[in-house]
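A.B. asks: I have a structure I would like to understand better, so I am pasting it below and will then ask my questions one at a time.
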Amino acid sequence: MLDLVHIQKVYNPGLITEVCLFEDFNLHVEQGQFVSVVGSNGSGKTTMLNIICGSIPITQGQVLSAGTDVTHQPEHRRYARMGRVYQNPAAGTCGDLTILENLALAETKGQHCGLQTAIRRSRTEEYRAMLAKLGLGLEDKLQVKMKSLSGGQRQAVALLMATMTPIDFLMLDEHTAALDPHTAERIMELTDEIVREKKLTTIMITHNLRYAVEYGDRLLMLDRGQIVMDLDGEEKKKTTVDDVLSVFNRISIECGN
């Protein structure tokens, strides 16, 4: 369960460039809910995600995780129970390390590690089995460096790494935007499989309206720091891409875009 309570976010306070993006913003996400978030550039999608993750401070308000106030908890502490996949496939992995080394490091997240080797040989076959489920042939490339993989392969590994340890929340920051259409489809299928299997509370920022409609239990649209569409349950199931696009276009016209 996740709550943003009376959030205010002001950029450049006291300067001529001061901008108040969020003013008394509230959001409640139920445990296990998969929320797709859409909106134009500048609507507040990524800022909202960064506030949840602790990547940026807020001016006022509270961030609650399962009822616990984490507003002032540093980013690295929040990531102990949170996974994040970024738009750039290179952002969630280390390019100069092999797939095996990346997976081994991901598995030690939140643990105190001494000088012992991070790779437990007994886990290699389990890593191989995890990769085989991706259906991308990566199970035979454990010793290949991450930077040698395609963007889609790297993003698939990043998704796997983000969910290897027990987490409560998965944050997806336009994680298919940099991929070709075919690869993006596969990554979305993998995302849905992982979210359902692990019952993860998930927030997915996307510009792809079809993905927002087809995936997830709930759909939000943001505009200038406000929720202008909030659909879940049967209402979301009945919603089409044209329905969402109609609202999107209306807002764009009202803004003069």
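The values are calculated or read from the model by the stated rules, or taken from the named source; none is laboratory data. This one's a predicted model, so the numbers in the text were calculated from it and none came from an experiment. We place every Cβ from the backbone using ideal geometry, glycine too, and count neighbours over all the protein chains shown. For accessibility, only protein heavy atoms count, side chains too; no ligands or nucleic acids. Shrake-Rupley method; radii C 1.70, N 1.55, O 1.52, S 1.80 Å.
A.B. asks: List pairs: first in segment 1-27 and farther than 25 Å from T201 by Cβ, second surrounded by 15 or more Cβ atoms within 10 Å (Cβ to Cβ), Cβ under 6 Å, 6+ apart or cross-chain?
C.D. replies: Listed pairs, sorted by first residue: C20/V10; E23/Q8.
A.B. asks: Here is a further query. Spot the failing condition for S43; the list is (1) at pLDDT 90 or above; (2) out of contact with any helix residue (DSSP H, G or I) (no Cβ under 8 Å at 6 or more places or on another chain); (3) more than 30 Å from S246 (Cα to Cα), and only one is missed.
C.D. replies: Here S43 meets the rest and fails (3).
A.B. asks: Working only within segment 190-204, note down all residues that are farther than 25 Å from G42 by Cβ and touching a Gly at 6+ places or on another chain (Cβ under 9 Å).
C.D. replies: Just the residues of segment 190-204 that are farther than 25 Å from G42 by Cβ, to begin with: 190-201.
Listed by number, the residues that qualify are L190, D192, V195, K199, L200, T201.
A.B. asks: Give all pairs with beta carbons closer than 9 Å in which a residue from segment 124-141 that is in contact (Cβ under 8 Å) with a residue 40 or more places away in the chain meets a residue that is among the basic types (K, R); count only pairs at least 6 apart in sequence or on separate chains.
C.D. replies: L134/R186; G135/R186; L136/R186
A.B. asks: Determine which single condition T176 fails, assuming it passes every other condition in (1) open to solvent by 50 Å² or more (accessible area, probe 1.4 Å); (2) out of contact with any strand residue (DSSP E or B) (no Cβ under 7 Å at 6 or more places or on another chain).
C.D. replies: Among (1) open to solvent by 50 Å² or more (accessible area, probe 1.4 Å); (2) out of contact with any strand residue (DSSP E or B) (no Cβ under 7 Å at 6 or more places or on another chain), T176 violates only (1).
A.B. asks: Inside segment 205-220, can you point out the residues that are within 13 Å of K45 (Cβ to Cβ) and in contact with a Ser or Thr (Cβ under 8 Å, 6 or more places away or on another chain)?
C.D. replies: Selection gives I205, T206, N208, A212, L219, L220.
A.B. asks: Within segment 53-102, work out how many residues are closer than 27 Å to N208 by Cα, touching a Lys or Arg at 6+ places or on another chain (Cβ under 8 Å) and of a type outside the set (F, W, Y).
C.D. replies: 7
A.B. asks: Right, something else. Cβ-Cβ below 6 Å, separation at least six or inter-chain, first residue in segment 183-202 and in contact (Cβ under 8 Å) with a residue 60 or more places away in the chain, second part of a helix (DSSP H, G or I): which pairs?
C.D. replies: These pairs meet every condition: T202/V195.
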